[in-house]
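For reference, the structure discussed in these notes is given below.
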């Protein structure tokens, strides 16, 4: 009760305390609403960024898989080319050895 008596002169000088309370509540409500709208906007931008990043990654994965298939086909062709070249080398080596043997026989036959 003493506190109420002491506080009442101060309250009467500053105006109606209930009105001041409503004023503070309204300003806080406005502030909270504004902050909520800012957060909602920031969240929306973040979601859009996530969606764009996910779409970019999906495209990169698809492109990478296509490139992988192309490179695997090129590797397969190169392996086939290597096998064909190795076979040709073996054939030519055999031919050179036969020609060398034949030349050696001709030289020996001529009197060498």
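Relative to the longest principal axis of the Cα atoms of the chain, helix 17-110 runs at roughly 0 degrees.
Spin-label pair residue 67-residue 84: with each label point 7 Å from Cα along the Cα-Cβ axis, the two points sit 2.8 nm from one another.
With axes computed from alpha carbons, what is the tilt in degrees of helix 2-14 against the longest principal axis of the chain, rounded to the nearest 10 within 0 to 90? On a 0 to 90 degree scale, this one is about 80. A Gaussian network model of the chain, with springs between Cα atoms under 10 Å, assigns the largest mean-square fluctuation among 53, 29, 98 to 98.
Every number in this text was worked out from the coordinates using simple rules, so none of it is lab data. In this text, all values refer to a predicted model and were calculated from it rather than measured experimentally. Quick reminder, even Gly has a Cβ in these numbers, built from the backbone with ideal geometry, and neighbours come from all protein chains shown.
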